[in-house]
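Shown next, in structure tokens, is the structure this report addresses.
The numbers here are math on the coordinates, done by the rules we state, and not lab data. Computed from a predicted structure; not experimentally measured. Cβ atoms come from the backbone with ideal geometry, glycine included; neighbour counts cover every protein chain shown.
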């Protein structure tokens, strides 16, 4: 099993519903976010192009945060999802410094916090909160090892990219372009 | 012309706009750890070489401050943790791929060794010191018989501690400025150099000071070589590393790095030490303090500049 997510940059309108849904679902402390929207504007007026991406932890297959963690609090869970166990985390910040996507943050309670791909929902057969709530249905989630899953089908049909694959992290968050 | 404007909705405290997760505690610890490693290295080295009598300060006096340095360093590491009550989780596992785990276990080993090392020499400062209990005296007598094996253990641990302070940074691929294997040897050389400087400050023996001035000159030249090498490596590497080197070549950290670290911390003391060897009158306190100052500035600047360097996407 290999969980992954694809985000359609052509359909995303940058409404930030995914951000709010995540904050509500996961009780993210005020002022923090586990997912966020990035807008990249390219070119000079009037030849402008915009790409909108809903970003979050890439749940890398070769995750530097798991490698750098001195206690094993950062670990791979079901389907390669990268999780933090708060009672094992000492809050040293090594994983935060090691993430090229800056997807982690120190929770006000002390431990490190991040996107979980809503594993608690996925286990119940539900979609992650951000995917479920998206008004343009631009996000796809599923198991890459299953050729019939939403994410496998859309990645076969469409062109896609990942963010800084040259960092060697093997990210599992795909952007349809 | 191609222009790009990136707007991100993320504003997490301590992460955005520039990573700011590690503050003064980490560079202070790296400095103290390097200094402790340097002093223990020379102390153990001269015992192995059988030259205790020629270098009384290095072998007997300087190790007395090492436990103090390490305890302050450990306290500052503890202060750096965001989830302090769970710090003991470090000692429930060994993670071979995590430099921080290596460092935690090295400190666990070297701190008690440094206490023993200091205890064996405490009579240098307090001649009337009495251990009171016979079992402590027995242990002391046993240790004195095993000085050379002890010195070998200490010297290996000191080198691991010195290198580790640099590897801690260089293991982070996400921060291109840190992601160079030069940092390990550079921090080791700097730690040994600050150790030599501390011994020079404490020593009252002219010959010993001259020897350490010679050692320090060699170490500073190695450091300068490694720094030049580091920038050559960056400039010949990928865009992210070129960009990170620019922090020091025209960017925000240019003046502090070249003035405080390279100028005041390396070039001025090396010139003063050469003058001293040439029998010119140079108060030793000046180059030795400058080396210590340069050492601490180097850790602070690399810690902060590294967090300002990042992948571009």
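Data overview
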item	result
Folded to 0 to 90 degrees: helix B:183-202 orientation relative to chain B principal axis, Cα	40 degrees
Residue A:24 paired with residue B:281, simple spin-label distance in nm, labels 7 Å along Cα-to-beta-carbon	8.1 nm
Shape category assigned to region B:92-231 from the gyration tensor of Cα positions, a/c cut at 1.5	oblate
Rounded FRET efficiency, nearest 0.05, which uses the C-beta distance separating residue A:162 from residue B:207 and R0 of 60 Å	0.45
Fewest-first sequence of B:302, B:65, B:228, B:155 by Cβ atoms within 10 Å of each Cβ	B:228, B:65, B:155, B:302
Cα-projected label distance for residue B:156 with residue A:126, points at 7 Å along beta-carbon direction, nm	5.5 nm
Averaged over A:27-38, number of beta-carbon atoms from partner chains that fall within 10 Å	3
Mean residue ellipticity (222 nm) of chain B, computed from DSSP H runs ≥ 4 via -39,500 (n - 2.57), nearest 500	-20500 deg cm²/dmol
Evaluated at q = 0.07, 0.08 Å⁻¹: base-10 log I(q)/I(0), Debye formula over Cα of chain B	-0.31, -0.40
Square roots of five times the Cα gyration tensor eigenvalues for region B:36-95, Å	33, 13, 7
Peptide A:63-69, shielding by other chains (average Cβ, 10 Å cutoff)	5
Candidates B:129, B:150, B:258, ranked by Gaussian network fluctuation over chain B, Cα under 10 Å, top entry	B:129
Scaled radius of gyration (Cα, divided by 2.2 N^0.38 Å) that the protein assembly as shown gives	1.14
Estimated FRET transfer efficiency when R0 is 35 angstrom, pair residue B:116-residue B:236 (beta carbons, to 0.05)	0.15
Kirkwood Rh, angstrom, chain A [1 / mean 1/r, Cα pairs]	16.7 Å
Crossing angle, helix B:66-80 versus chain B [Cα axis fit, 0-90 degrees, rounded to tens]	30 degrees
Length-normalised contact order for chain A - Cα pairs under 8 Å, 6+ apart - percent	31 percent
Nitroxide proxy distance, nm - points 7 Å out along Cα→Cβ at residue B:145 and residue A:109	5.5 nm
Rounded FRET efficiency, nearest 0.05, which uses the C-beta distance separating residue B:228 from residue B:109 and R0 of 25 Å	0.15
Relative exposure of B:260, B:234, judged by other C-beta atoms within 10 Å (fewest first)	B:260, B:234
With Cα atoms, 0 to 90° folded angle of helix B:99-120 axis to chain B main axis	20 degrees
Length-normalised contact order for chain B - Cα pairs under 8 Å, 6+ apart - percent	23 percent
Span from the region A:62-88 Cα centroid across to the region B:1-74 one, whole angstrom	27 Å
Largest-first ellipsoid semi-axes for region B:59-170, taking √(5λ) over the Cα gyration tensor eigenvalues, angstrom	29, 16, 14
Value of [θ]222 nm, deg cm²/dmol, for chain A, DSSP H segments ≥ 4, -39500 (n - 2.57) each, nearest 500	-4500 deg cm²/dmol
Overall form of region B:1-131 per C-alpha gyration tensor (a/c, 1.5; a/b vs b/c)	prolate
Within a Gaussian network of chain A (alpha carbon springs, distance under 10 Å), most fluctuating of A:52, A:30, A:164	A:30
Rounded, prolate or oblate (a/c below 1.5 giving rounded, otherwise prolate when a/b exceeds b/c) for region B:134-215 by Cα gyration tensor	oblate
Using distinct alpha-carbon pairs, which all enter the 1/r mean, Kirkwood radius of region B:118-165 in Å	12.5 Å
Computed over region B:252-313: relative contact order in percent, which uses C-alpha pairs under 8 Å that are six or more apart	43 percent
Residue order, fewest to most beta carbons within 10 Å, for A:138, A:15	A:15, A:138
